[in-house]
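> Submitted below is the structure of interest, expressed as structure tokens.
The values are calculated or read from the model by the stated rules, or taken from the named source; none is laboratory data. This structure is a prediction, so every number in the text was calculated from the model and none was measured. Cβ atoms come from the backbone with ideal geometry, glycine included; neighbour counts cover every protein chain shown. Only protein heavy atoms, including side chains, enter the accessible area calculation; ligands, DNA and RNA are left aside. Shrake-Rupley method; radii C 1.70, N 1.55, O 1.52, S 1.80 Å.
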Amino acid sequence: LRSYLRDESSRLRRLRRFYEKVQALHQDPKASVDNPLLAFSLIKRLHSDWHNVIYSDEAASNTQALHAGLREVEQELPGAEDLDGAARALMRLQDVYALSVKGLANGVFQRAGHPPLYSPGRRVSLSADDCFHVGKVAYDMGDHYHSIAWLEEAVSLFRLSYGSWNLEDRSSLEDALDHLAFSYFMAGNISHALNLSREFLHYNPSNHRVSRNVAKYKKLLEMGMGASGAGRGATVPSHHCPPSHTLLGHLSPQPAPEQLLHRVCSYETNGSPYLLLQPAKKEVVRIQPYVALYHDFISDAEAETIKELAGPWLQRSVVASGEEQQKAEYRISKSAWLKDTADPVVQALDRRIAAVTGLDLRPPYAEYLQVVNYGLGGHYEPHFDHATSMKSPLYRMKSGNRIATVMIYLSAVEAGGSTAFIHANFSVPVVKNAALFWWNLRRNGNGDGDTLHAGCPVLAGDKWVANKWIHEHGQEFRRPCSADPQD
């Protein structure tokens, strides 16, 4: 674009110079005709020079260069799936963190009556066309709760700028009114759908489809339907907001005072010679379920190495579905797997995990290191790390279920991204270079229901984690059963 603008600016300067030359010849038309030199110059300008300027190949050449430059990088640019995914991410953030659409459109990340969750250094607002696209994505999914909120904002912004046109916009006030009217109709508010359709016809009176809609809405209202349907401020229908979003939204922001008593910090060697000179900095976050946070578990250099190793192999994360693995909307991230032979840093990390947990990580007792990147609105809805069905692909490994999880935070985030334990009602924020540990199974081998957890959406920043899943086989004498079969 910079190159195109430079070349076009040069061309336009030359065009203006020619215009000023011709304009000067027209200052005194009578004198131009009287003076044979001026007359010749004027005739030449009008006959040949003007054609040369108008049909110059320079403008076409500049445009071709612009198109060629786009084609060179087109494969690296975001696609339709990326754009729609980003729109769904904004709706996810809106739900989980109870953010107002008007606030988001103005660049403010705030829920009513609370301080901002995130204050960016540079405030960025959304345009009417931006809001329309988010609303259109919801509209196409049949999610009229979200489409109404975003299209309302689009209509408001288009009204403010009506009559002006932006080169990059693909939508208009009429488009926003059309989609918003139908969204209100589908939500049951026929009266408001009628008013919006009438406003549409004010700008585009020849649209027969909307005229038929107006007649239809009038007839329905005469029959007594939709006069007091769901309108602005309608509650969220249960099928539009996933249960997990509601659960995450109701998590206590701070633990209760009696729960704080269980938080204990200590230097731990765990009986390992590996930790004698540099003990692990352990913080017990919860007793039930047992969750511990190991601070400064990895160095900045090690974290960067792991991210660089995983970067070229990142692909959209999949989840277990019966006996298969597939992509799912409830897990939005990219991940890659690193063998312990990939780099000495990965081997050192395995030894460190074995030392602090006291568990056996030799193959096949643990899985490869999984590196995960959560970008815009990246999240993982409530799930268990351990298998809850014998049909799970985990059992193909012949090493039993996942007994424990170690999750290492490889980066910091500006807001969001906490690991939320749903049933236990607490969350652990992202702490750069720290490792979160918990037992997935009880000592009797049954799954621990209190380990249901979720990766909250990333509100601002780029979240990287590395997961190490350890299996129950090989740990029989390292974490033996207790005398109580219920334990």
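> Share of the chain's accessible area from carbon and sulfur, percent, 1.4 Å?
55 percent
> With a 1.4 Å probe and all protein chains left in place, how much accessible area per residue does the chain have, in Å²?
56 Å²
> Moving on. Based on Cα positions only, what radius of gyration and what Dmax would you give for the range 80-223, in angstroms?
Gyration radius and largest Cα-Cα distance of the range 80-223: 16.2, 54 Å.
> Can you give the angle from 0 to 90° between the axis of helix 2-25 and the longest principal axis of the chain, with both taken from C-alpha atoms, to the nearest 10?
10 degrees
> Mind listing the phi-derived Karplus ³J(HN,Hα) values for the range 297-308, rounded to whole Hz, using 6.51, -1.76 and 1.60 with θ = phi - 60°, and x for any glycine or proline?
For the range 297-308, the Karplus-derived couplings read 6, 9, 8, 4, 5, 5, 4, 5, 4, 5, 5, 5 Hz, x marking Gly and Pro.
> Could you please report the charge total around PRO289, scoring K, R as +1 and D, E as -1 over all other residues with beta-carbon less than 10 angstrom from its beta-carbon? Present the calculation step by step, with values, prior to reporting the outcome.
Values: positive: ARG286, ARG442; negative: ASP448, ASP450.
Neighbourhood net charge equals 0.
> Let me ask another. If I model the chain as equal point scatterers sitting on the Cα atoms and use the Debye formula, what is log10 I(q)/I(0) at q = 0.07 Å⁻¹?
-0.57
> Run the numbers on the chain and let me know its relative contact order in percent, using alpha-carbon pairs under 8 Å that are six or more apart.
Value for the chain: 11 percent.
> To the nearest µm²/s, what D does Stokes-Einstein give for the range 1-156 at 25 °C and 0.890 mPa s, using the Kirkwood radius over alpha carbon pairs as Rh?
Using the Kirkwood radius from Cα pairs, D works out to 118 µm²/s.
> On to the next question. What is the angle, in °, between the Cα long axis of helix 80-96 and the longest principal axis of the Cα atoms in the chain? Nearest 10 is fine, range 0 to 90.
Value to nearest ten degrees: 60.
> With only Lys, Arg, Asp and Glu charged, each at its Cβ (+1 for the first two, -1 for the last two), find how big the charge dipole of the range 80-223 is about the Cα centre; round to the nearest 20 debye.
Value, rounded to 20: 440 debye.
> Moving on to the next point. Let me check I've understood the local charge: for GLU58, count other residues with C-beta under 15 angstrom from its C-beta, Lys and Arg +1, Asp and Glu -1. What total comes out?
For residues surrounding GLU58, the net value is +2.
> Based on Cα coordinates alone, diagonalise the gyration tensor for the range 1-76, multiply each eigenvalue by 5, take square roots, and list the semi-axes in whole Å, largest first.
Details: eigenvalues 291, 25, 6 Å².
Here the semi-axes work out to 38, 11, 6 Å.
> Shifting gears a bit: Using just the alpha carbons, could you tell me how many Å³ per residue the convex hull of the range 29-120 encloses? Write down the numbers at each step before the final one.
Numbers: hull volume 20.8 nm³, N = 92.
Dividing the Cα hull volume of the range 29-120 by its residues yields 226 Å³.
> Along the three principal axes, how long is the range 281-428 when you take its alpha carbons, biggest first, rounded to the nearest angstrom?
38, 34, 33
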